[in-house]
């Protein structure tokens, strides 16, 4: 399932008419208005769903999927990863990258010290946080802000960071 991008996760239902509440994992949620279908990965399988309606509420995207017409049907989709295919993705601009490109990327300080590899991206709402793992020590959690992330070289799978005092 590597040719899919995860664009969010279904975290709950919304109302009684089958809408699902999606926590997006993309920066620009307006891109959901451009989609006519998505794929849901749930319980080991992946299935296409046509989109009837998209609306927004707080930090959530509310999706009405064709064939999901009541709360019980929507409830069965809780926990599903919402995916799109690569050809449905918006191309990245300059200094932009897909979150999937960050996994297993090596992370170095400005001084060239290897900190480890990115093993997780945590979505906090304010800014993402990159979990960097290395053998023999606990994970380093690096906020994905301009002051910390100096350079991201997707082609060479290398990130350069400037860590605030006391982060390690």
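Laboratory data are not the source of any read-out in this text; all were calculated from the coordinates shown. It should be emphasised that the depicted structure is a prediction, and the values quoted were computed from it without experimental measurement. As a convention, Cβ positions derive from the backbone with ideal geometry for all residues, glycine included, and neighbour counts pool all protein chains shown.
Taking the alpha carbon gyration tensor of the chain, multiplying each eigenvalue by 5 and rooting it gives semi-axes of 34, 16, 14 Å, largest first.
Output the relative contact order of the chain, whole-number percent, from Cα pairs under 8 angstrom with separation of 6+ residues. Once normalised by length, the contact order is 19 percent. Per-residue ellipticity at 222 nm from helix content only, as computed over the chain with -39500 (n - 2.57) for each DSSP H run of at least four residues, stands at -500 deg cm²/dmol.
Within 10 Å of each residue's Cβ, count the other Cβ atoms and sort 73, 30, 45 from fewest upward.
Exposure proxy ranking, most exposed first: 45, 30, 73.
Annotation: the range 83-168 has a Kirkwood hydrodynamic radius of 13.6 angstrom, from the mean reciprocal C-alpha pair distance.
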